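Undergrad: Below is the structure I would like to discuss, written out as structure tokens.
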Amino acid sequence: MKRSLFILIMLLSACAVKPPVQEMSNARSAIKAAQDLPGSTQQSENYLKSAETAMEEAAEAIRQERYEKARGKALEAKRDAQVAARIKQSNQQ
């Protein structure tokens, strides 16, 4: 009985994994916002490049249906884009 319940829970949780649509959208928005800010530096460009690379890796993970990896890469992309934006903003002051 316990084993059957465990298997059922595992099957249901596997079905619950979905592509990280919201995380991808948030990351794209963060990258776009950082790109649109004036005041590029080598450091901000490095973070932006890292964000774009993470987005490419996230998209590839989605194609492979590796949604948890895709979610992690999308979150990484968003963080890197936000760092790039903060660097650009601090250089404007």
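Every number in this text was worked out from the coordinates using simple rules, so none of it is lab data. Quick caveat: nothing in here was measured; it's all calculated off a predicted structure. For neighbour counting, all protein chains shown are included, and Cβ atoms are generated from backbone atoms with ideal geometry for every residue, glycine included.
Undergrad: Within the set of other residues whose C-beta is less than 12 Å from the C-beta of Ala33, count the net charge using Lys and Arg as +1 and Asp and Glu as -1. Mind dumping the intermediate values first?
TA: Numbers: positive: Arg28, Lys32, Lys78, Arg86, Lys88; negative: Asp36.
Net local charge, Ala33 excluded: +4.
Undergrad: Give, as a single signed number, the net charge of other residues whose beta carbon lies under 9 Å from the beta carbon of Glu57, with Lys and Arg counted +1 and Asp and Glu -1. Working shown, then result.
TA: On the way: positive: Lys69, Lys73; negative: Glu56, Glu60, Glu76.
Around Glu57, the charge tally is -1.
Undergrad: Now, a different point. What's the Kirkwood radius of the stretch 19-92 in Å, using all Cα pairs?
TA: Numbers: mean 1/r = 0.0840 Å⁻¹.
Final number for the Kirkwood radius of the stretch 19-92 is 11.9 Å.
Undergrad: Which listed residue (Asn91, Ala70, Ala81) has the Cα farthest towards the positive end of the charge dipole for the stretch 52-93, taking +1 on Lys and Arg C-beta and -1 on Asp and Glu C-beta about the Cα centre?
TA: Looking along the dipole axis, the top candidate is Asn91.
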